[in-house]
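Visitor: Can you read through this structure? Questions will come right after.
The values are calculated or read from the model by the stated rules, or taken from the named source; none is laboratory data. Quick caveat, the model's predicted, so the values are computed rather than measured. Methodologically, a virtual Cβ is constructed for each residue, glycine included, from the backbone with ideal geometry; neighbour enumeration extends over all protein chains shown.
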Amino acid sequence: DKYQTVIGYGAGGSYLRNSENHVQFLSYMNKVIKKNAPNKLTYSSFIEVSKGEKIPGLDLYGFEIYAEEPPLFINKFANSTLNDSSIYFISEATYPNYKGATNGYLNDYSFEGQAKFFDGIMDVTNESNLKGFVLNTMFEFYGDYTPFFAGFNTENNYAIGILSQDDEGSRLSYNLVKSRLTSGVKTSVPIGSSEEDAPLFFIIAALLISIIIALLINSKRKFREDSTRALLRPYNFYSDLRDQRILASFHSTILMLLLAGSNALMFTILLYYLKNNILFEKIILAFGSYKFSSIVGHFAWNPQQAFIYLYVVTIGLFLLISVIFHMASFFVKTKVHYSSVYSVAIWAFLPLALLVPFETILYKILQLQSYNNIIYLIIILFMLWNLQRFLKGIFVIFDVRPFYVYFFSITIFAALTTVVLFYFQFSANAFDYISLAIKQFSLL
């Protein structure tokens, strides 16, 4: 109580109202605060708008809003706090502005979009029983980790403030907030027109890969027939590979380069779409590595460079798995040529060629946010199907029972995965943070 200008103490933010562990922790912290400062208020900030039991010792309940439409938030608030006597306020309203000045607020994450967002926050506060709001934040600041949601940059500058470190008040969001708080007069925010966010590179790369694949398939009749058989009758095709009745390795290598392009483009598109996703950012941060966060952030925000690196990595994976499984062939009685394993490693993933036309519109579909979970599930199942095709090719050219190939492959993969999981869990509690992040994100 010696700090007369302090009216209260907070116990942190991003809590879950319905989490028993969080409630117990807050109850303990509030007890400590009240013991040392009995005349001060206590407050905490929650990630979701939900009704729950009153937390012992907590006077003020704050809500966090991350670029959510204020009318949508206030509807959830009204439905969740009906006949609730607790004192609520907006404890953290955050809206990135990394796009800078544009022609209007229809451009998300711009100065105009931020001004419109904060204007809406003040409106819904005045029109409801919320007791106040906190805009996050006055000035942009620098952090330890590379920002995703707040806009990637090499200086780790979090572009969420209404002023930069050296700004003298030229931003629309600053002028709007200043006008509303001092004179109560609204500042008009231009509507503008939405600017295209999809990189043209995605379409060009997909079309180029499609054209080359079409030319390759139609270059020779046998290549076209082999492609059809590899796709529709893989068992017979793998038998021919085992018996060395197949096209020259040159054609397989060309096909590998094209399939690597399709795979790299798909993951580049997914990375770029998730570049400012809060859950994705929290998952990356959960591993506790500054370097890893910086690398992923750089690739997510720079699709051309991401494509090049993922392209090289994919080619490396093709070569790596062919070498590993050829070494595994030393444990079987049948003599297996490296060329057979190499060809299986490539032709098993032939369905990647079917993805290329879909990749021309993938980013646009993801932007609709209507079928994203279905798309993610389809992609996962598609990749598992390709892996199953590869393992089928392995047991055919090894001439062993399918059970042995599936069992040893799954066992080794599970063992390696377990080692990695335990390492990150014990070194950074990564999966505790990921679990919490998923719970938080599901409530946003």
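Visitor: State whether one or more residues within the stretch 91-101 are assigned by TED's automatic domain parsing to the domain that holds A150, at pLDDT 90 or above and exposed (fewer than 13 other Cβ atoms within 10 Å of the Cβ). If you could, list the steps in order and put the result at the bottom.
Guide: Just the residues of the stretch 91-101 that are assigned by TED's automatic domain parsing to the domain that holds A150, to begin with: 91-101.
With the extra rule that they be at pLDDT 90 or above, the set shrinks to 91-101.
Now restrict to residues that are exposed (fewer than 13 other Cβ atoms within 10 Å of the Cβ): 101.
Looking through the stretch 91-101, at least one residue is assigned by TED's automatic domain parsing to the domain that holds A150, at pLDDT 90 or above and exposed (fewer than 13 other Cβ atoms within 10 Å of the Cβ).
Visitor: Which one of these is in contact with a Leu (Cβ under 7 Å, 6 or more places away or on another chain) and assigned by TED's automatic domain parsing to the domain that holds F73: F111, F152, F148?
Guide: F111
Visitor: In addition: Between a residue in the stretch 131-158 that is among the acidic types (D, E) and any residue that is in a strand (DSSP E or B), which pairs come within a Cβ distance under 8 Å, given they are 6 or more apart or on different chains?
Guide: E140/N157; E140/Y158; E140/L163; E155/Y142
Visitor: Only helices (runs of 4 or more DSSP H) wholly contained in the stretch 190-247 count here; list those with 1 or more residues that are within 34 Å of the chain's Cα centre (by Cα) and either loosely packed, with under 15 Cβ neighbours inside 10 Å or aliphatic (A, V, I, L, M) (or both).
Guide: Details: elements: 200-217, 221-232, 234-242.
Those helices (runs of 4 or more DSSP H) span 200-217, 221-232.
Visitor: If you scan the stretch 30-74, which residues turn out to be over 28 Å from G161 (Cβ atoms), of a type in the set (S, T, N, Q) and in contact with a helix residue (DSSP H, G or I) (Cβ under 9 Å, 6 or more places away or on another chain)?
Guide: The one that is over 28 Å from G161 (Cβ atoms), of a type in the set (S, T, N, Q) and in contact with a helix residue (DSSP H, G or I) (Cβ under 9 Å, 6 or more places away or on another chain): S50.
Visitor: So, of the residues in the stretch 9-21 that are outside any loop (DSSP other than H, G, I, E, B) and touching a Phe, Trp or Tyr at 6+ places or on another chain (Cβ under 6 Å), which turns out to be farthest from L443 (Cα to Cα)?
Guide: Pass one, the stretch 9-21, residues outside any loop (DSSP other than H, G, I, E, B): 9-10, 15, 20-21.
This time we only want the ones that are touching a Phe, Trp or Tyr at 6+ places or on another chain (Cβ under 6 Å), so: 10, 15.
Values: G10: 22, Y15: 11 Å.
Of everything passing the filter in the stretch 9-21, G10 is farthest from L443 (Cα to Cα).
Visitor: Another question about this same structure. Which condition does V336 not pass, out of (1) free of Cβ contacts under 8 Å to residues at least 60 places away in the same chain; (2) within 30 Å of V400 (Cβ to Cβ); (3) not aromatic (F, W, Y), if it passes all the others?
Guide: (1)
Visitor: Looking only at the stretch 120-178, count every residue that is within 20 Å of K291 (Cβ to Cβ) and assigned to a loop (DSSP other than H, G, I, E, B) and tell me the total. Talk me through it step by step, then tell me what you get.
Guide: Filtering the stretch 120-178 for residues within 20 Å of K291 (Cβ to Cβ) gives 142-158.
From the residues that got through so far, the ones that are assigned to a loop (DSSP other than H, G, I, E, B) too are 143-156.
Summing the residues that are within 20 Å of K291 (Cβ to Cβ) and assigned to a loop (DSSP other than H, G, I, E, B) in the stretch 120-178 gives 14.
Visitor: Would it be correct to say that G113 is surrounded by 22 or more Cβ atoms within 10 Å (Cβ to Cβ) and free of Cβ contacts under 8 Å to residues at least 40 places away in the same chain? First the steps, then the outcome.
Guide: Working: surrounded by 22 or more Cβ atoms within 10 Å (Cβ to Cβ): yes; free of Cβ contacts under 8 Å to residues at least 40 places away in the same chain: yes.
Yes, satisfied.
Visitor: Hey, another quick one. Tally up the residues in the stretch 22-57 that are in contact with an Asp or Glu (Cβ under 9 Å, 6 or more places away or on another chain), surrounded by fewer than 17 Cβ atoms within 10 Å (Cβ to Cβ) and assigned to a helix (DSSP H, G or I), please.
Guide: Residues that pass the stated criteria total 1.
Visitor: Let me ask another. Residues that are loosely packed, with under 14 Cβ neighbours inside 10 Å, assigned by TED's automatic domain parsing to the domain that holds I211 and in contact with a strand residue (DSSP E or B) (Cβ under 8 Å, 6 or more places away or on another chain): find the helices (runs of 4 or more DSSP H) completely inside the stretch 359-444 holding 1 or more of those.
Guide: On the way: elements: 372-398, 402-428, 430-443.
Helices (runs of 4 or more DSSP H) meeting the threshold: none at all.
Visitor: Ok, one more. In this structure, is L163 within 30 Å of L258 (Cβ to Cβ), modelled with pLDDT of 90 or more and either surrounded by fewer than 15 Cβ atoms within 10 Å (Cβ to Cβ) or in the same structural domain as M138 (by TED's automatic domain parsing) (or both)?
Guide: Details: within 30 Å of L258 (Cβ to Cβ): no; modelled with pLDDT of 90 or more: yes; either surrounded by fewer than 15 Cβ atoms within 10 Å (Cβ to Cβ) or in the same structural domain as M138 (by TED's automatic domain parsing) (or both): yes.
So L163 fails the test.
Visitor: Another question, then. If you check Y66 against the conditions, is it out of contact with any Cys (no Cβ under 7 Å at 6 or more places or on another chain), under 24 Å from E127 (Cα atoms) and buried (at least 21 other Cβ atoms within 10 Å of the Cβ)?
Guide: Details: out of contact with any Cys (no Cβ under 7 Å at 6 or more places or on another chain): yes; under 24 Å from E127 (Cα atoms): yes; buried (at least 21 other Cβ atoms within 10 Å of the Cβ): no.
Against the criterion (out of contact with any Cys (no Cβ under 7 Å at 6 or more places or on another chain), under 24 Å from E127 (Cα atoms) and buried (at least 21 other Cβ atoms within 10 Å of the Cβ)), Y66 does not qualify.
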